[in-house]
Amino acid sequence: MSAHSHKEIDFQIMWNRLIAVVGEQAQVLIRTAFSPIVRECEDISAGIFDLKGRMIAQAVTGTPGHVNSMAESVGHFLRHFPISTMKEGDAYITNDPWMGTGHLNDFVITTPAFHKGRLVGLFSCTSHLMDIGGLGNGPEATDVFMEGLSIPMLKLIDQGQVNETLMAMIRANTRLPVDTEGDTYSLAACNDVGVRALCDMMDEFRLDTLDPLADFIIERSRQAVLDKIAALPQGTWSHEMTIDGYNAPLTLKAKLTVSEGRVSVSYDGSPPTVGRGINVPMAYTRAYTVFGLACAISPDVPNNAGSLAPYHVEAPADSVLNAPRPAPVSSRHVIGQMLPDMVFGCLRTPLPDRVPAEGTSCLWNIAVRGQWFPKGSDTSQTYALAITTNGGTGARPGLNGLSATAFPSGVHGTPIEIAEIQCPLIFWEKELRENSGGLGQTKGGDGQIMRIGTTQKQPFELLAAFDRVDHPARGALGGQDGAAGRVETASGRKLAGKGLQVLKPDEVLVLMTPGGGGLGEV
Amino acid sequence: MVDSTQIRLAADIGGTFTDVVLQTPQGRLTRKVLTTPSAPEQGVMDGIGLVIQDAGLQFPDVTVFVHGTTLATNAIIERRGARTALIGTQGFRDILEIGTESRFNQYDLMLQKPSPLVPRDLRFTVPERMDARGTVQLPLDEQAVQALVPQLRDACVESIAIAFLHAYANPAHEQRVRALLQEALPDVTISISSEVCPEIREYERTSTTVANAYVQPLMAGYLGRLREALNAKGFQGALYLVTSGGGLTALETARQFPVRLVESGPAGGAIFAAQCAERLGENRVLSFDMGGTTAKVCLIEDGEPASSRFFEVDRTARFMKGSGLPLRIPVIEMVEIGAGGGSIAHLDAMKRVVVGPESASSVPGPACYGLGGKRPAVTDADVMLGLIRPENFAGGSIQLQPDRSAEALLTDIGTPLGLSAEMSAHAVYEIVCENMASAARVHAAERGAVIGEHTMIAFGGAAPLHAARVAEKLGIQRLVIPSNAGVGSAVGFLAAPVSFELVRSFPMRLDDSFSSEEVSALLDDMTQAAHGLVQDDARTETLHTRRSAFMRYVGQGHEIIVTLPEGAISSDHLSALRAAFEAEYARQFARVIPHAAVEILNWSVSVSTTPQKYPPFKAAPALHDAKSGDIRKLFDGATGTHVDLPVYERTDMGPGSRISGPALIAEKETTTYVSSRYNAHLDGSGNIILDMKDAV
């Protein structure tokens, strides 16, 4: 009994410590990042993996799309860089959408952790870089090659030596060379800090391997999720939702089955890939689906290989939710972030008290680009930034939806003053859009109204990737729909919800983000 | 050195008790009285009356009175502040409500955000607009301002916050609106963002300005009444308020910027530790303050507590980052977690032992109080392990019931995990110590400090029982439990300097565009303003000015603070500034970034008097073995057996008394646990010093 007791208590303490270690890793990434969407909005994730590639702890920050797809990504790194070839001081990189987190703008860096000369685990992290060349971070491209620089699985750092050839390639293929290189360094640095903290922990607990601890964490978490699943009614439920798509609506279909020890979601019947970059690679589809399941079923179980294991997701090959290479995928978040609503739609029948009505769900990132003359400079410079904004979330059982709040994404909005210091745009308005949340027993959250112009004489480009413009967030259980989003100019020129559009210097862009759906009859 | 003729008085209003400390040439006297929430000045005056009487003195004898209070914090948490209006830039009525657009808990579908201090119907806007460079893009519409006057009057507004976009870059519009409104509404207090918090990022700046306006009438009223009450008793000395940054400020400045008084109590604790650090001659210190519901840790390097410019008040999910209202003010940076004697332990979905943040408080209290508490608290674990003598708890005022601790521990922890009551207690003790060690580790990591090189100074009711284990986990060689630890905050107040820190956003790159003239003008202006706020009150004391720059690589969002040299900053200094920045950057983040440009975002000027100096603590005379009293049984989790634990009475121990852990040092209010890894002795000033035994 005593040996059992000690192991139990020690493992619990080390588990806590490991979560603190990845928390530190994530903080370093946020504090040192250049990309505003990372440093102001925390669009990142960070985690530690065992030598089998199983995620054992993840920082309690970041975004679900990153987190769960990064969990898969490490398996791909291990295929390309077998354990036996890893050296102390190495770091590996990719931005391959099918081996990373779903689009080229996310760099994933994996670093082997050595303790006293022995490989004991892997740190991985990912963040969203502002520009990676190509057509830019919008859905315009018709294949992935047009979306920018593709970095296959490569060694970024070889036993402490930075791969200068690769760095030069990266710098040469982005509109923002300094920021992009800086962000690459900050990704590598945060893993280094993770390794340092892990070594301290292993010294303190006199460990020479993480394996028993990893088994304990994974088994405990898996069992916790299984217990939650066992408490659910068994059965199969389905849900459909029509969204705007690129230039024609798409009807997503899901079927969710709760059975002994597993929950599976199938997107059978969902439409085929489309010609523009809103397609979703499978890892990203899985990431947001599992996130929706975790919110509804096991919100208090930490994310790791064990807690993810009982959840299964499939989507038909070549569908928009399982897009193959070389489909364009740059704005995969637009559809990906709708998937928790699909999960909630399925679960509304068995669990009406746990799930919200549909919300805005996809981020309303205002991706803009152009030339300007910053203060004190007489040469024109390129700016390219994404200003993160949100609509309302769906009404919740017993609670109204949240106004102007990201869900399911975990990012923060961009401060207007920070956006304006980096580009010539000026926001004339950013306010709550009153009464845009759907009515019901509980109301959907309100969206926002924004009016954006420029202070200079150059036009600017909008890389639109907005949804719920033609198809609003629907109310549920008798609640009313939220207001649809709107994209236009102040003079009434209607703009497309998706695609590259140019605004003249005297035009003012008007964006109204959608309201969330209401819940229950008024 | 302390002016030996001075009679200094300090008072700290806490939630339950008001602590009063009187420092006279003859020594230090302390008093604890109950806080009187409806009229807090009453409790203060009562406490002062008592302690002055104890000393055989009169009010006119007191030269300085230093005062700290949680009134501002409580007013915000309990939403008891003034009826406040917010005036913003047209088109930006909802900055407070839109906030960061994020959820502080990723997986919680039911989370609730804190409600803003100003509801929508009291949020107004006027046409005006500055751009990021401080250029007027839309002139202020003065008629629109005038048109607000009747609305503000009808709404019975008591206080107004004005926060315009980019006002940190050009305050002209805010100043003009204040002038117009002050004339029309002379009884209303007005706060403007360019004075309260002239820093970029509209949400934090607005939130800080609104909080200032919200507590202003209340604090002004309280401070006015206190001053009157003191005057009526014949007090003629100087009155200072303690700020969250650990400095003192005069009444008038406190009235103008009351938001800076939030969190002054914990700041006092950190100053207390800093003062002890100096008297001990320790340069690197970790202060560890553990009470009934929370534990706070703070790093103190070279006698100075770590400082920060960000703080969250009223976190809706206790201690969860992002769930509170952000304040951008100078604060002593500390990490606070829900770990105290009353913190409740339970199992989570993974059957992991979780301690806190929920607390048993004083009612019903831990299970062993026998007052109806059924759930195991940290104190129950301490009792079960044998660390607390049930018959002597809190000076014998509560008779503890160990069998109730055992029952609660078994029911909630032991039975589901297959552990004995003792082993469950061990788990709770270990987890709570790990949580605190972890908080210290994170805090150190954020500051780039090596924790094991620090000396721990532990105070607060529950600290002495847990400090040794936390210190072991952190690899700390020496820890000190000072005397007077119970009223540490108030004692700390006595040592604080009069000071004021100003910070302004003014981006400037370290390249050819660096304008020495603009920077000099800015720094001179700020220095003058800060001097103005300190000078009158500092009387004849010498003032110290410290200037620093908040630097980062161009494009980054977080800054590193670098101290500026004295005199004008010219382009000759740029390479030295870059080198200083990169040295600090590499220390914190492992790698510097080649090719990247460096900029200064914010400039800071801090003006202060010299902190009160106290003589060093007396070293212990020749060490001699202390006389042990009773023997208690301690459950040793590592071996799973009970071991003998000698108990020493602190009152029986003289300077130089030495003991070898494991042992307990008992006194009236608290008990110190000396773990087997440490030796302990009393120094010449009555502090308990624990030194790690030589590594085996």
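The values are calculated or read from the model by the stated rules, or taken from the named source; none is laboratory data. Everything numeric here is computed off the predicted structure, so don't read it as measured data. Neighbour counts are summed over all protein chains in view; Cβ atoms, including those assigned to glycine, are modelled from backbone coordinates with ideal geometry.
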- Test for residue B:131: is it in contact with a His (Cβ under 8 Å, 6 or more places away or on another chain) and facing chain A (nearest Cβ under 10 Å): yes
- Query: What about residue A:265, is it modelled with pLDDT of 95 or more, in a strand (DSSP E or B) and crowded, with 19+ Cβ neighbours inside 10 Å?
  - Reply: yes
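At pLDDT 90 or above, under 25 Å from residue B:220 (Cβ atoms) and surrounded by fewer than 20 Cβ atoms within 10 Å (Cβ to Cβ), is that true of residue B:54?
Details: at pLDDT 90 or above: yes; under 25 Å from residue B:220 (Cβ atoms): no; surrounded by fewer than 20 Cβ atoms within 10 Å (Cβ to Cβ): yes.
In short, no.
Considering only the stretch B:472-554, give the strands (runs of 3 or more DSSP E) lying wholly within it that have at least 3 residues that are more than 30 Å from residue B:638 (Cβ to Cβ). Steps first, answer last, please.
Details: elements: B:478-481, B:499-509, B:543-553.
Ranges flagged: B:499-509, B:543-553.
Just checking, which of B:296, B:351, B:374 is touching a helix residue (DSSP H, G or I) at 6+ places or on another chain (Cβ under 8 Å), on the phi > 0 side of the Ramachandran plot and not aliphatic (A, V, I, L, M)?
Working: B:296 fails: on the phi > 0 side of the Ramachandran plot; B:374 fails: on the phi > 0 side of the Ramachandran plot.
The match here is B:351.
Just give me the residues in the stretch A:449-475 being closer than 14 Å to residue A:505 by Cα and touching a residue at least 40 places away in the same chain (Cβ under 8 Å), in sequence order.
Of the residues in the stretch A:449-475, the ones closer than 14 Å to residue A:505 by Cα are A:451-462.
Answer for the stretch A:449-475, where residues must be closer than 14 Å to residue A:505 by Cα and touching a residue at least 40 places away in the same chain (Cβ under 8 Å): A:451, A:452, A:453, A:454, A:456, A:457, A:458, A:459, A:460, A:461, A:462.
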- Confirm whether residue A:308 is within 14 Å of another protein chain (Cβ to nearest Cβ), of a type outside the set (Val, Ile, Thr) and touching a residue at least 12 places away in the same chain (Cβ under 8 Å). yes
- Can you name the residue in the stretch B:151-198 that is within 14 Å of chain A (Cβ to nearest Cβ) and surrounded by fewer than 22 Cβ atoms within 10 Å (Cβ to Cβ) and is also nearest to the chain's Cα centre (by Cα) among such residues? B:169
- Give the number of residues within the stretch B:347-360 that are in contact (Cβ under 8 Å) with a residue 12 or more places away in the chain and within 12 Å of chain A (Cβ to nearest Cβ). 5
- Among residues of the stretch A:402-425 being β-branched (Val, Ile, Thr), facing chain B (nearest Cβ under 7 Å) and surrounded by 22 or more Cβ atoms within 10 Å (Cβ to Cβ), the residue nearest to residue A:291 (Cα to Cα) is A:411
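Determine whether residue B:339 is in contact with a Pro (Cβ under 9 Å, 6 or more places away or on another chain), of a type in the set (Gly, Ala, Ser), within 14 Å of chain A (Cβ to nearest Cβ) and farther than 22 Å from residue B:643 by Cβ.
Values: in contact with a Pro (Cβ under 9 Å, 6 or more places away or on another chain): yes; of a type in the set (Gly, Ala, Ser): yes; within 14 Å of chain A (Cβ to nearest Cβ): yes; farther than 22 Å from residue B:643 by Cβ: yes.
Yes: the conditions hold for residue B:339.
Just give me the residues in the stretch B:668-696 being without any contact (Cβ under 8 Å) to a residue 24 or more places away in the chain and surrounded by fewer than 19 Cβ atoms within 10 Å (Cβ to Cβ), in sequence order. Please lay out each step first, then the result.
Here is the first cut: in the stretch B:668-696, the residues without any contact (Cβ under 8 Å) to a residue 24 or more places away in the chain are B:676, B:679-680, B:694-696.
Within the stretch B:668-696, B:676, B:679, B:694, B:695, B:696 qualify.
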- Query: Which members of the stretch A:463-498 meet the condition of being in contact with an Asp or Glu (Cβ under 6 Å, 6 or more places away or on another chain) and outside any loop (DSSP other than H, G, I, E, B)?
  - Reply: A:489, A:494
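Filter the stretch B:601-634 down to residues that are away from chain A (no Cβ under 14 Å) and either under 30 Å from residue A:35 (Cβ atoms) or among the polar types (S, T, N, Q) (or both), then give me how many there are.
8
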- Item | residue B:236, sole failed condition from (1) in a loop (DSSP other than H, G, I, E, B); (2) closer than 17 Å to residue B:299 by Cα | (2)
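Does residue B:204 fit the bill of being within 11 Å of another protein chain (Cβ to nearest Cβ), under 14 Å from residue B:96 (Cα atoms) and not in a strand (DSSP E or B)? If you could, list the steps in order and put the result at the bottom.
Values: within 11 Å of another protein chain (Cβ to nearest Cβ): yes; under 14 Å from residue B:96 (Cα atoms): yes; not in a strand (DSSP E or B): yes.
Answer is yes for this residue.
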- Note on the structure: When restricted to B:63, B:18, the only residue β-branched (Val, Ile, Thr) and over 22 Å from the mean Cα position of the chain (by Cα) is B:63
- Flagged in the stretch B:453-474 as farther than 16 Å from residue B:435 by Cβ, under 22 Å from the mean Cα position of the chain (by Cα) and not hydrophobic (A, V, I, L, M, F, W, C), in numbering order, are B:454, B:455, B:461, B:464
- Item | Matching residues, the stretch B:514-563, being at pLDDT 85 or above and among the aromatic types (Phe, Trp, Tyr) | B:514, B:550
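Taking the condition more than 10 Å from chain B (Cβ to nearest Cβ), of a type in the set (A, V, I, L, M, F, W, C) and outside any helix (DSSP H, G or I), does residue A:78 pass? Even if it seems obvious, please write down each step before you answer.
Values: more than 10 Å from chain B (Cβ to nearest Cβ): yes; of a type in the set (A, V, I, L, M, F, W, C): yes; outside any helix (DSSP H, G or I): no.
So residue A:78 does not fit the description; no.
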- Can you pull out the residues in the stretch A:426-447 that are out of contact with any Gly (no Cβ under 7 Å at 6 or more places or on another chain) and either farther than 18 Å from residue B:125 by Cβ or at the interface with chain B (Cβ under 7 Å from one of its Cβ atoms) (or both)? A:432, A:435
- Kindly list, by first and then second residue, each pair from a residue in the stretch A:27-40 that is more than 7 Å from chain B (Cβ to nearest Cβ) to a residue that is modelled with pLDDT under 80 and not in a helix (DSSP H, G or I), limited to pairs with Cβ atoms under 6 Å and residues at least 6 apart or on different chains. A:30/A:42; A:37/A:43
- Of all helices (runs of 4 or more DSSP H) completely enclosed by the stretch B:50-159, which ones contain at least 2 residues that are closer than 30 Å to residue A:340 by Cβ and in contact (Cβ under 8 Å) with a residue 12 or more places away in the chain? B:95-98
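Take the stretch A:196-212 and flag every residue that is in a helix (DSSP H, G or I), more than 8 Å from chain B (Cβ to nearest Cβ) and surrounded by fewer than 24 Cβ atoms within 10 Å (Cβ to Cβ).
Just the residues of the stretch A:196-212 that are in a helix (DSSP H, G or I), to begin with: A:196-204, A:211-212.
Right, trim to more than 8 Å from chain B (Cβ to nearest Cβ) and you get A:198-203, A:211-212.
Within the stretch A:196-212, A:199, A:200, A:201, A:202, A:203, A:211, A:212 qualify.
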- Item | Selected residue (criterion: farthest from the chain's Cα centre (by Cα)) from residues of the stretch B:120-150 that are acidic (Asp, Glu) and within 17 Å of residue B:86 (Cβ to Cβ) | B:128
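Looking at A:71, A:46, A:141, which is the one that is in a strand (DSSP E or B) and not β-branched (Val, Ile, Thr)? Please lay out each step first, then the result.
On the way: A:71 fails: in a strand (DSSP E or B); A:141 fails: in a strand (DSSP E or B).
Residue meeting the stated conditions: A:46.
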- Message: So in the stretch A:361-377, with the set limited to residues that are more than 11 Å from every other protein chain (Cβ to nearest Cβ) and assigned to a loop (DSSP other than H, G, I, E, B), which one is farthest from the chain's Cα centre (by Cα)?
- Response: A:373
- Query: Consider residue B:606 against the criteria (1) at pLDDT 85 or above; (2) farther than 30 Å from residue B:249 by Cβ; (3) not in a loop (DSSP other than H, G, I, E, B): it satisfies all of them except one. Which criterion is unmet?
  - Reply: (2)
- Just checking, how many residues over the stretch A:343-401 are buried (at least 17 other Cβ atoms within 10 Å of the Cβ), of a type in the set (S, T, N, Q) and free of Cβ contacts under 8 Å to residues at least 60 places away in the same chain? 1
